[in-house]
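A quick write-up on the structure given underneath.
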Amino acid sequence: MLRKYSNSRTLSDNLKLGSLTAFAAGMVNIGSLMIFFAFSSNVTGHYAILASEIVKGNVYQVAVVFAWIFLFFFGSFTSNYIVIHTKKQFTLLGHSLPIVLEIACLFIVGIYGQYFYQETLTETEALLCLMLFAMGLQNGLTASISNSKVKTTHLTGATTDLGMLVSMLTKKEFRAKKEIRDKTKLLSVIASSYLAGGIFAGFVYLSIGFKMFYVACGLLVCVIIYDVFKIFSVKFQNSKRRELNNSQQVNRIRSESKKEIPAY
């Protein structure tokens, strides 16, 4: 899911990455909505709030909302910066680092919420800063490595594109194009996973509270483990293949040597 980059990725790679990260984003967004009464996986509404607070002249609120928007932006910037400055031999490390940072942010939110949260406004604003940075990291990473095909923290653009694609599928000439069918499938999976993550998080939060963020962290850990497992699996298969080829080559040489020995 993370090893491959840009056009080398297959539909299967993008479906796996999109479904798991969208599910995690849905969990985080519902968690922030139920706990802090604010969205954390997108900034569209925050831009509207920023404009409103500027008009009202609330300097402190303007600063807070601007910080939320900036941290989402900075998360995306950080992810792409890491990806484009990673050497080819360290691709998995570079692509995993933004996910590791995201896990760290969400884990801090879970720990603080479980043991220290006093429901003050300052705490809420600070925890939302961490969550928005985490979502910026995730969205920047998935968009960067998939050539902008996978964006998983918000669905405004995806819903617009999906509506257009479905309308195109009403014509036979578009239904025959594989790229349109593939894109429709990808966006449908992302939207469904995001919704499923939100529903799942709602029930989980009612049962375990802030520990819900540990579940989201565990899901993201699975994304990294999957790629690590695939790397070792491929290396093991290649090693076995080389051993088999070497063994066949040795047997071939022995067989040829026996044929060359004259009989007396």
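Points worth noting:
- Scanning the stretch 197-216 for residues that are out of contact with any Gly (no Cβ under 7 Å at 6 or more places or on another chain), surrounded by 15 or more Cβ atoms within 10 Å (Cβ to Cβ) and among the hydrophobic types (A, V, I, L, M, F, W, C) yields Phe200, Val204, Val215, Ala216.
- Taken as a whole, the condition of being surrounded by fewer than 13 Cβ atoms within 10 Å (Cβ to Cβ) and either touching a Cys at 6+ places or on another chain (Cβ under 6 Å) or of a type in the set (Val, Ile, Thr) (or both) applies to Thr160.
- Listed by first and then second residue, the pairs linking a residue in the stretch 142-154 that is at negative phi and part of a loop (DSSP other than H, G, I, E, B) to a residue that is among the hydroxyl-bearing types (Ser, Thr, Tyr) and surrounded by fewer than 20 Cβ atoms within 10 Å (Cβ to Cβ), with Cβ atoms under 8 Å apart and 6 or more places separating them unless they lie on different chains, are Ser146/Ser6; His154/Thr44.
- Evaluating Thr184 against the criteria (1) under 18 Å from Ala22 (Cβ atoms); (2) surrounded by fewer than 19 Cβ atoms within 10 Å (Cβ to Cβ) leaves one unmet condition, (2).
- Of residues in the stretch 118-144 being touching a Phe, Trp or Tyr at 6+ places or on another chain (Cβ under 7 Å) and farther than 25 Å from Ala158 by Cα, the one surrounded by the fewest Cβ atoms within 10 Å (Cβ to Cβ): Glu123
- Within the span defined as the stretch 14-30, every residue fails to be surrounded by 16 or more Cβ atoms within 10 Å (Cβ to Cβ), free of Cβ contacts under 8 Å to residues at least 40 places away in the same chain and closer than 30 Å to Leu206 by Cβ.
- Within the stretch 73-89, residues that are without any contact (Cβ under 8 Å) to a residue 12 or more places away in the chain have Cβ atoms under 8 Å from residues that are of a type in the set (A, V, I, L, M, F, W, C) in these pairs: Thr86/Leu93, counting only partners at least 6 apart in sequence or on another chain.
- Any hit, the stretch 24-36, residues being aliphatic (A, V, I, L, M), touching a Ser or Thr at 6+ places or on another chain (Cβ under 7 Å) and modelled with pLDDT of 90 or more: yes
- Being under 30 Å from Leu33 (Cα atoms), modelled with pLDDT under 95 and part of a helix (DSSP H, G or I) holds for only one residue in Leu220, Leu244, and it is Leu220.
The values are calculated or read from the model by the stated rules, or taken from the named source; none is laboratory data. Note that this is a predicted model, so its numbers are computed, not measured. Heads up, the Cβs are rebuilt from the backbone with ideal geometry, glycines too, and the neighbour counts pull from every protein chain shown.
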